[in-house]
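Report on the structure given below.
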Amino acid sequence: MFVQSWDEFAKQAERLYLNDPINCRLCLKYRNEMLILRLTDNHTCLQYKTIYAQDVKKAEKFMSSLLRHMASKEGPEVTKKKN
């Protein structure tokens, strides 16, 4: 399902990842000046697309935060409590 606003996508995507971090996947496509982000856990698929530069910057920050969670040795709950 395509989410219309960036804030709503970021909230739902973080919630989806924290519920099932093992099965979540993030896919990024950038083609013809359009960014498409897709996060799925095999049951729910969230998608967001934009052509605006400020949304691309927000997506970059969000992805770095999400990848930091994915790469940490601690669980996502512990990392979230520290922030």
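Under 8 Å for C-alpha pairs, at least 6 residues apart: give me the relative contact order for the chain, rounded to a whole percent. Show your work: numbers first, answer last.
Details: 86 pairs, mean separation 22.0, N = 83.
Dividing the mean separation by the residue count of the chain yields 27 percent.
About the centre of its Cα atoms, the chain shows a dipole size close to 200 debye [charges on the beta carbon of Lys, Arg (+1) and Asp, Glu (-1) only; nearest 20 debye]. Counting only aspartates and glutamates at least 8 places from LYS11 when in the same chain, those with an alpha carbon closer than 20 Å to its own are ASP20, ASP41, ASP55, GLU60, GLU77. Full extension of the chain between ARG25 and ASP7 gives 4.6 nm of extra length, using 0.36 nm per residue less the Cα-Cα distance.
For the chain, the longest principal axis of the alpha carbon atoms and the long axis of helix 6-19 meet at an angle near 30°.
Just so you know, all these numbers are worked out from the coordinates, no wet-lab data involved. Values in this document were obtained by computation on a predicted structure and should not be read as measured data. Methodologically, a virtual Cβ is constructed for each residue, glycine included, from the backbone with ideal geometry; neighbour enumeration extends over all protein chains shown.
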